[in-house]
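The structure under discussion appears below in the form of structure tokens.
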Amino acid sequence: MYLERIEIKNFRCFNSEGIVAYFNKGVTAIIGENNMGKTTLIDAIRIAFSTVSYQHDIYFKITDFHIDLSGVRAHEAQFDLYFAEVPMELIEIWLPESGNHGEFHIRFYLTKTVAGEDKVKFSAWGGSFEGNSLSSDLFDSIDISYLGALRDAEEGLRPSRNSRLATLLGTVADSPEKREELISILSDANQQLLGKEQIRKIKDIVNNNLDDIEQEVLSQRIDIGFSEPRFESIASTIRSWISMKWVRIEKDRDEAQRFASLFEKPIYRHCIEANDESFLVNIPDFLRIAHEQGDVTEEIEKTLRQYQQCFELQQNGLGYNNLIYMSTILGDMSIKKEGVYQRLLLVEEPEAHLHPQLQELVYEFFQKQQESNSIQVVFSSHSPTLISKIELDQINLLYEKAHTIKCMPMSQCKASSNPTDKNHLKKYLDVTKSQMFFAKGLIFVEGISEAILLPDVANFLNRSLDKYAVEVVNVDSLAFRPFAHLLYRNDGMPAYCKAAIITDDDRCTVKDDYYISTDIDYDDDISNIVEKLEKGSASNRFKEIQGLCNEASIRLCGAKKTLEFELAFCEKNISAMVDILKRIFPDVGAKLQQRVAQFENVKEKQIIVWLFVRKRDKCKGELAQAIGELITKGAKDKQSYFIIPKYLKDAIYHVTEPISEVAEE
């Protein structure tokens, strides 16, 4: 059984319209900016699974009712949970007509006590109709564990009767016989210790002092022992530590001489480092291989283990302690328990204190837990590294729209239902591109030149992309369709953020009356090209993108022909671009300058510069960078050294905030 969907209304930041989040059978991520309700969503699940149960680690409080923009507190809240693969044994929530689906619902509401104080009450029911009560037995069949964002891994692993290690021991020793065996060993050890002279001496010292203090009339006697041999005593003292992997054994020691022939075998080369004075040995790897090869005896292992140094948990880094903590919890959950039908792990920010490569390994570990142990994992995250690893339809994105928190399950966007789009995005959404999920505005561009130029343009317009949380996404090609479908929900709801596409209209590329040959260079005959560019129509590719943008409510900002053509739309820009191209191409750049000087018409000069760059397209990135520097210098000097084309400004204004009028310069 696994949680398939939850609907939440009037809980904390979620209003009466509510949100719907979808969950994968294996791993599901909840992502979004700070304060978008990720913890709220996870807490809703925790509350729902513990409200009817006799064990509570979280409660629904009066302050959990949603407060609207007018300051009015809601009087009711509701959680609706839907499950798949529900066994018939869970008759309280199982829906016979649905095959293997089930559901339960919890409504919280405010009432008044006799004293007139507000109090939270709830009603819970299973199935489609209110009245089918739920029992704690149902929730006993659900094994749920939670790791909070501010978890103290060291505290959770410290010896105590409620530590995670104690819980794991209780799960492993799951029968009276297994527990009695441990108790018997502890009892025997206690008896042996009590017979030792040092322990008897402690008792004698205390009793002698009591005799001196109390004299004969009041004198009492004490006895001394250890913790009572009970299973809880064993569990409460279990602890963990870290053993060093690599140890140094000096070659002049007897042990090194005994093991020298073993250390020099080729199969151990990766776990033995030797110099003239010593061997550096990776003990765990060496012993693992030695056992497989039959090279190790109990005596050898015992001798090598003596060299290992141990570190207490407080000596570890926070990240590694978190890994131990997660491993302990998942270890406990992976053990089959009688009568448990669902195992759910909720983790807030598993990336905490972990470097990117280790984050990827943690995600892969979560995946393996689902595949091998059927553990459903739901985690919240801000990490682009983790998001780049997870499948698109395993993501719930929380975002704000019109002062309301909404949830976009990516399984419900158009790209998820299209295998081609989904596969394209899977390959494309690396760590950098995954940042788009955390943006308030997106500008999709088709090449490096636009990606280089836009931040400088935005700063000049006083619309810093960082300030407005805008992400520029370079699709590295002309494949805008998957990204448009990513922002388009199957139910027609608007995209999670403002978006614009900047692309070339590529007119005059079809071989008709207005075709411009790709063989033409800046010093060729350009007669009729002005007319062709004016009368030619946008390419079919551009028209297709127009349709995509209309469908997904994305602003399309198209360049007439290409970016470089648009940049050269006025005398000031032409002069600046020619100067830059002369620096890049000293010889041919001078000829370009002479060629431009032959024309009076700005449009003809524009065509000359465009043709020059088209034939030498490897310079586009360098040209864009130099133009960006000019724009930045103009912003600093409060002058306009380069005039920004309107379509670039339109894109930036669209994804930042509306203005009454867009200036031409």
| task | From (1) free of Cβ contacts under 8 Å to residues at least 60 places away in the same chain; (2) closer than 19 Å to residue 462 by Cβ; (3) of a type in the set (Gly, Ala, Ser), pick out the condition that doesn't hold for residue 635. | result | (1)
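Looking at the structure I just gave you, is residue 63 of a type in the set (S, T, N, Q), at pLDDT 90 or above, in contact with a strand residue (DSSP E or B) (Cβ under 6 Å, 6 or more places away or on another chain) and surrounded by fewer than 19 Cβ atoms within 10 Å (Cβ to Cβ)?
Values: of a type in the set (S, T, N, Q): yes; at pLDDT 90 or above: yes; in contact with a strand residue (DSSP E or B) (Cβ under 6 Å, 6 or more places away or on another chain): no; surrounded by fewer than 19 Cβ atoms within 10 Å (Cβ to Cβ): yes.
Taking the combined requirement at face value, the residue does not satisfy it.
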| query | Is it the case that segment 361-370 has a residue that's touching a Ser or Thr at 6+ places or on another chain (Cβ under 8 Å), charged (D, E, K, R) and either more than 28 Å from residue 88 (Cα to Cα) or in the same structural domain as residue 146 (by TED's automatic domain parsing) (or both)? | reply | no
| query | Which residues, counting only those in segment 124-140, are closer than 18 Å to residue 88 by Cα and either buried (at least 18 other Cβ atoms within 10 Å of the Cβ) or touching a helix residue (DSSP H, G or I) at 6+ places or on another chain (Cβ under 8 Å) (or both)? | reply | 125, 126, 127, 134, 138, 139
| said: Being over 19 Å from residue 448 (Cβ atoms), in a helix (DSSP H, G or I) and of a type outside the set (Gly, Ala, Ser) is the filter here; which residues of segment 623-645 pass it? | reply: 633, 636, 637
| said: Please go through segment 546-586 and give me each residue that is in contact with a Gly (Cβ under 7 Å, 6 or more places away or on another chain) and either among the hydroxyl-bearing types (Ser, Thr, Tyr) or crowded, with 20+ Cβ neighbours inside 10 Å (or both), ordered by number. | reply: 581
| said: Given the criteria buried (at least 21 other Cβ atoms within 10 Å of the Cβ) and either among the hydroxyl-bearing types (Ser, Thr, Tyr) or part of a helix (DSSP H, G or I) (or both), does residue 501 qualify? | reply: no
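Looking at segment 133-237, what helices (runs of 4 or more DSSP H) fall wholly within it and have at least 1 residues that are at pLDDT 80 or above? It would help to see each step written out before you state the result.
Details: elements: 136-140, 153-157, 164-172, 176-194, 197-218, 231-237.
Once the helices (runs of 4 or more DSSP H) in segment 133-237 are filtered for at least 1 residues that are at pLDDT 80 or above, what remains is 136-140, 176-194, 197-218.
Please return the ranges of strands (runs of 3 or more DSSP E) entirely within segment 1-96 where 2 or more residues are in contact with a Cys (Cβ under 7 Å, 6 or more places away or on another chain) and assigned by TED's automatic domain parsing to the domain that holds residue 139.
Values: elements: 2-9, 19-22, 27-32, 76-84.
Of the strands (runs of 3 or more DSSP E) lying wholly inside segment 1-96, those with at least 2 residues that are in contact with a Cys (Cβ under 7 Å, 6 or more places away or on another chain) and assigned by TED's automatic domain parsing to the domain that holds residue 139 span 19-22.
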| crowded, with 20+ Cβ neighbours inside 10 Å, touching a residue at least 40 places away in the same chain (Cβ under 8 Å), more than 27 Å from residue 458 (Cα to Cα) and in the same structural domain as residue 511 (by TED's automatic domain parsing) - does that describe any residue in segment 598-610? | yes
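Residues are listed down the side, and each one gets a yes or a no for (1) part of a strand (DSSP E or B); (2) over 20 Å from residue 147 (Cα atoms); (3) at pLDDT 90 or above:
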| position | (1), (2), (3) |
| --- | --- |
| 360 | no, no, no |
| 371 | no, yes, no |
| 379 | yes, no, yes |
| 388 | no, yes, no |
| 399 | yes, yes, yes |
| 407 | yes, yes, yes |
| Residues of segment 276-295 satisfying the condition of being part of a loop (DSSP other than H, G, I, E, B) and farther than 17 Å from residue 254 by Cα | 294, 295
| message | Being touching a strand residue (DSSP E or B) at 6+ places or on another chain (Cβ under 6 Å) and in a strand (DSSP E or B) is the requirement here; does residue 108 meet it? | response | yes
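Count, please, the residues in segment 99-123 that happen to be more than 33 Å from the chain's Cα centre (by Cα) and surrounded by 15 or more Cβ atoms within 10 Å (Cβ to Cβ). Spell out the reasoning first.
Of all residues in segment 99-123, those more than 33 Å from the chain's Cα centre (by Cα) come to 99, 109-123.
Subset that is surrounded by 15 or more Cβ atoms within 10 Å (Cβ to Cβ): 109-110, 120, 122.
Here the count works out to 4.
Please note which helices (runs of 4 or more DSSP H) are completely contained in segment 528-620 and include at least 2 residues that are in contact with a Phe, Trp or Tyr (Cβ under 6 Å, 6 or more places away or on another chain) and aliphatic (A, V, I, L, M). Quick ask: steps written out before the conclusion?
On the way: elements: 529-535, 540-552, 563-567, 571-584, 586-597, 602-615.
Once the helices (runs of 4 or more DSSP H) in segment 528-620 are filtered for at least 2 residues that are in contact with a Phe, Trp or Tyr (Cβ under 6 Å, 6 or more places away or on another chain) and aliphatic (A, V, I, L, M), what remains is 540-552, 602-615.
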| query | Just wondering, is there one or more residues in segment 432-445 that are in contact with a strand residue (DSSP E or B) (Cβ under 6 Å, 6 or more places away or on another chain), under 18 Å from residue 465 (Cα atoms) and free of Cβ contacts under 8 Å to residues at least 40 places away in the same chain? | reply | yes
| query | How do the pairs read when you match residues in segment 560-585 that are farther than 24 Å from residue 501 by Cβ with residues anywhere that are of a type in the set (Phe, Trp, Tyr) and outside any loop (DSSP other than H, G, I, E, B), using Cβ under 7 Å and keeping only pairs 6 or more apart or on different chains? | reply | 581/612
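The values are calculated or read from the model by the stated rules, or taken from the named source; none is laboratory data. Note that the structure is predicted; figures quoted are calculated from it, not measured. As a convention, Cβ positions derive from the backbone with ideal geometry for all residues, glycine included, and neighbour counts pool all protein chains shown.
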